[in-house]
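Student: This is the structure I have questions about; it appears just below.
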Amino acid sequence: MSSWKGLGLLLLAAVLAVAAGGIAYLYLKGTSVLAGNKETQTYPVVVCTQDLTFGTKLEDKDLRIANFPKDAIPMGAYATTDSVLGQTTKVFLVANEPILASKLSSIGGGLSVRVPESLRASSVDVNEVSGVSGFVLPGDRVDILCTIDNAPGQSQGVAVTKTILQNIEVVAAGVKTKTNKNDPIRVQSVTLLVTPKEAEDLALGMHEGRIHLVLRNPVDNEIVAVNPTNTREVFGLVQQHKAPVRRAPRTVIVKKEEAPPPEPSYTIIRDGSIQQQKSPTEGGKP
């Protein structure tokens, strides 16, 4: 009797196990179906195929379609590549980044789309020394120094260095090859955002002397009053002017000439008249 009872309990346990497995199977199958339905609810979004710099005119090779969930589609995205062909990027884009309307410009192209209104873009060529060893990058801020040999108002052979611009933003930087006496040299070209007046100062500095860049801390916006520096000041060759020695005025003693002794004169009374003569015998009479 007890054996039948134990057998019944085993059958009941087996039935319950099968039921639990079936319920778990149906649950997992339903979850996967729901997940599959959610995965199919995606929409096309235009993304870039590679890293793109600002000022790039978009072509077919730069674009592809990626599927985004409805809730993940960014505002301003495009669904077809034809919508963005021929437009120009205003910012840097990384591969697989969605193309948004706020990142494109339909007017102009190249660097011009990065130049704000009322400002100008002006480029200067610098070497490794004057260009801070090539560490000047877009977005940095620099001061511009100009060094002039035989500066006006200075003695022959005296150079002057003057800070002509301060806190200027770098909008672009790159390396190019130039030829110097048939020898190729690599120089860095740095493009700066300046006002029209600052563009004139920069052009004059490049014409008259040599340009040097000084890298600033990005949070330092202070404009410092800096006086020009010349060769004599740097090397301690400033001439010290001695104060003139004041001398007491000389007293000139003018000797008075002695007056000659008065000539003798005689008073003669003759014939009732009084006469003055130099000698008693003047006039022929004693």
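Student: Would you check which residues across region 71-102 are touching a strand residue (DSSP E or B) at 6+ places or on another chain (Cβ under 6 Å) and either of a type in the set (Ser, Thr, Tyr) or at pLDDT below 90 (or both) and list them?
Tutor: Tyr78, Thr81, Gln87, Thr88, Thr89, Lys90, Leu93
Student: Name the single residue that is nearest to Leu165 (Cα to Cα) among those in region 196-219 being more than 12 Å from the chain's Cα centre (by Cα) and part of a loop (DSSP other than H, G, I, E, B).
Tutor: Among residues in region 196-219 that are more than 12 Å from the chain's Cα centre (by Cα) and part of a loop (DSSP other than H, G, I, E, B), the one nearest to Leu165 (Cα to Cα) is Gly209.
Student: Could you give me the residue pairs with C-beta distances under 8 Å whose first residue belongs to region 102-128 and is among the basic types (Lys, Arg), whose second residue is modelled with pLDDT under 85 and crowded, with 17+ Cβ neighbours inside 10 Å wherever it lies, and which are 6+ apart or on separate chains?
Tutor: Within 8 Å, the pairs are Arg114/Phe54; Arg114/Gly55; Arg114/Ala172.
Student: Might you check whether a residue that is under 30 Å from Val170 (Cα atoms), surrounded by fewer than 11 Cβ atoms within 10 Å (Cβ to Cβ) and at pLDDT 65 or above occurs anywhere in region 2-12? Working first, answer last.
Tutor: Looking only at region 2-12, we keep the residues that are under 30 Å from Val170 (Cα atoms), and these are none.
No, because not a single residue in region 2-12 is under 30 Å from Val170 (Cα atoms), surrounded by fewer than 11 Cβ atoms within 10 Å (Cβ to Cβ) and at pLDDT 65 or above.
The values are calculated or read from the model by the stated rules, or taken from the named source; none is laboratory data. Owing to the predicted nature of the structure, the values given are computational and were not obtained by experimental measurement. Virtual Cβ from ideal backbone geometry, glycine too; neighbours counted across all protein chains shown.
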